[in-house]
1. Go through segment 186-231 and report how many residues are touching a residue at least 60 places away in the same chain (Cβ under 8 Å) and in a helix (DSSP H, G or I).
2. Condition (residue is outside any loop (DSSP other than H, G, I, E, B), closer than 16 Å to residue 209 by Cα and assigned by TED's automatic domain parsing to the domain that holds residue 97) applied to segment 138-149: is it met by at least one residue?
3. Test of understanding: among 282, 261, which residue is in a loop (DSSP other than H, G, I, E, B), closer than 27 Å to residue 121 by Cβ and either free of Cβ contacts under 8 Å to residues at least 24 places away in the same chain or touching a helix residue (DSSP H, G or I) at 6+ places or on another chain (Cβ under 7 Å) (or both)?
4. Has segment 302-318 got at least one residue that is at pLDDT below 75 and either part of a loop (DSSP other than H, G, I, E, B) or in contact with a strand residue (DSSP E or B) (Cβ under 6 Å, 6 or more places away or on another chain) (or both)?
5. Determine which member of the set 193, 211 is surrounded by 16 or more Cβ atoms within 10 Å (Cβ to Cβ), more than 23 Å from residue 276 (Cβ to Cβ) and under 20 Å from the mean Cα position of the chain (by Cα).
6. Among the numbered criteria (1) closer than 14 Å to residue 131 by Cα; (2) in the same structural domain as residue 180 (by TED's automatic domain parsing), which one does residue 9 miss?
7. Being touching a helix residue (DSSP H, G or I) at 6+ places or on another chain (Cβ under 6 Å) and either in a helix (DSSP H, G or I) or buried (at least 19 other Cβ atoms within 10 Å of the Cβ) (or both) is the requirement here; does residue 241 meet it?
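The values are calculated or read from the model by the stated rules, or taken from the named source; none is laboratory data. The shown structure was predicted, so the numbers you read here are calculated from the model rather than taken from an experiment. Heads up, the Cβs are rebuilt from the backbone with ideal geometry, glycines too, and the neighbour counts pull from every protein chain shown.
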């Protein structure tokens with residue numbers, strides 16, 4: 001059966017044309033899908049004949065909320081969503097003064113193997129479809145009863161390892177007849193799949209690219225991020241500079257501070273040398289505990305000193321606010337779960 005949410009708007013219009021439906025039908029159906037209807041019968045401005053025709057070939061995909069955890073500290077809400085095939089993924093809704101953000105997954109599991117991240121434990125099972133990525137935004141929004149205004153693609157999986165489906169999702173979630181979240185309110189995080197960074201630059205989408213750097217040299221980065229053995233720091237930083245030149249967009253570099261591994265004053269100086277002169281921001285993340293790894297965060301004084309050293313040398317840097325720590329919803333703590 002065809003999931004209509006996997007179509008971009010023009011693809012949906014062409015599909016409906018082949019079914020003998022008028023051109024305006026695409027706008028009606030696209031809008032209904034993004035409102036979160038769960039059956040064709042809820043599409044009340046479609047004729048009974050059209051609804052029956054669609055139901056023979058297509059489905060209105062949904063996500064089931066298997067579990068839900070709400071932080072007692074900051075209202076951050078983590079969802080365990082069950083997919084139609086029984087696999088589960090995690091998504092997180094976060095509340096800020098500027099609006100409501102959702103951190104979404106792009107794959108079931110991950111094959112990148114980053115040592116500080118729970119999402120990659122067990123490897124990659126499969127990539128999500130455009131509709132499955134979109135449904136996280138739709139059904140979390142329905143559950144909280146409020147508009148989600150910002151998206152961060154930093155959940156389970158490597159978005160650039162699911163490139164085509166992720167790009168389709170971005171087009172759809174930005175479409176004016178859908179949820180209509182502006183590209184500038186969307187961040188996409190990659191661990192450094194260099195060829196896909198260039199491909200993304202060619203798409204020229206005004207999203208924010210976040211690069212998971214987490215180390216200032218190849219020795220440290222290769223020890224915690226296997227992707228670095230394929231695309232070393234020199235190649236990654238060149239791709240980032242080329243991306244900025246092509247798009248005019250600032251890059252956010254994610255840097256998880258791991259005590260005794262990458263958080264020394266020398267490491268800060270190395271990082272400064274890498275990023276000097278680049279249109280960039282460094283997002284420092286005190287590493288979060290996962291039970292399978294023995295990584296620890298430094299104390300607040302050490303973290304502040306690292307940040308201040310970067311700023312003193314002209315690097316724009318801040319320490320990320322920790323959200324949802326009491327429900328295992330912080331950066332690096334999301335994981336694939338199988339029923």
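1. The number of residues fulfilling the criteria is 3.
2. Among the residues of segment 138-149, not one is outside any loop (DSSP other than H, G, I, E, B), closer than 16 Å to residue 209 by Cα and assigned by TED's automatic domain parsing to the domain that holds residue 97, which makes the answer no.
3. Within the list 282, 261, the selection yields 261.
4. No, the conditions are met nowhere in segment 302-318.
5. Result of the check over 193, 211: 193.
6. (2)
7. no
A quick yes/no check of all residues on (1) surrounded by 24 or more Cβ atoms within 10 Å (Cβ to Cβ); (2) modelled with pLDDT under 95:
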residue: 96; (1), (2): no, yes
residue: 100; (1), (2): no, no
residue: 104; (1), (2): yes, no
residue: 113; (1), (2): no, yes
residue: 128; (1), (2): yes, no
residue: 134; (1), (2): yes, no
residue: 142; (1), (2): no, no
residue: 149; (1), (2): no, no
residue: 158; (1), (2): yes, no
